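For reference, the structure is listed below as C-alpha cells.
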C-alpha cells in the first residue's frame, strides 16, 4: 500500500525510537547511580521523609523498565525467528515488529515500571509504619 521508500523511512524512525528509548533508560540509570550519595546523605538528616526510599524506588523502577523492555523485544524476536520454520516460503513483513519495538514496548515497559515502583514504594512505606506500630 505504501511505497518502499516511505516504509523504509518509517522503519528507520521506529528503530531510532527504540534505540533512543534504550539510551534514555541507560542515561537515567547512570544519573540515578550518580545521585545515590546525595540520597544517602539526605537520609541522614533528621527529617521525617527519607530520600533513600525515593532513590531506591527510582533505581528499581528503571531496572524493571530495562528488564521488561528487553524481555518484550526478545519474545517478539523469538516469534520472528520461529515464523520461517512454520512456512519457509513466506517472506514475513516485519512492520508489526518495528511498531511494537518502537512504540508499544516502551509504553508497556514504562507502565510495568511505574506499577513496580509504586509497589516497592508502598511496601517500604507500609513496612516503616508497621515497624512504628510494633515499637
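Within the range 72-97, how many residues turn out to be modelled with pLDDT under 85 and within 21 Å of residue 24 (Cα to Cα)? So the count comes out to 1.
Checked against the criterion of being out of contact with any strand residue (DSSP E or B) (no Cβ under 8 Å at 6 or more places or on another chain), surrounded by 12 or more Cβ atoms within 10 Å (Cβ to Cβ), at pLDDT 80 or above and farther than 18 Å from residue 27 by Cα, the range 59-71 has at least one qualifying residue. Considering every residue within the range 31-46, establish whether at least one is within 14 Å of the chain's Cα centre (by Cα) and without any contact (Cβ under 8 Å) to a residue 24 or more places away in the chain. Looking through the range 31-46, none of the residues is within 14 Å of the chain's Cα centre (by Cα) and without any contact (Cβ under 8 Å) to a residue 24 or more places away in the chain.
The values are calculated or read from the model by the stated rules, or taken from the named source; none is laboratory data. All figures in this text were calculated on a predicted structure; none of them were measured in a lab. Don't worry about glycine lacking a Cβ; one is built from the backbone with ideal geometry, like all the others, and counts go over all protein chains shown.
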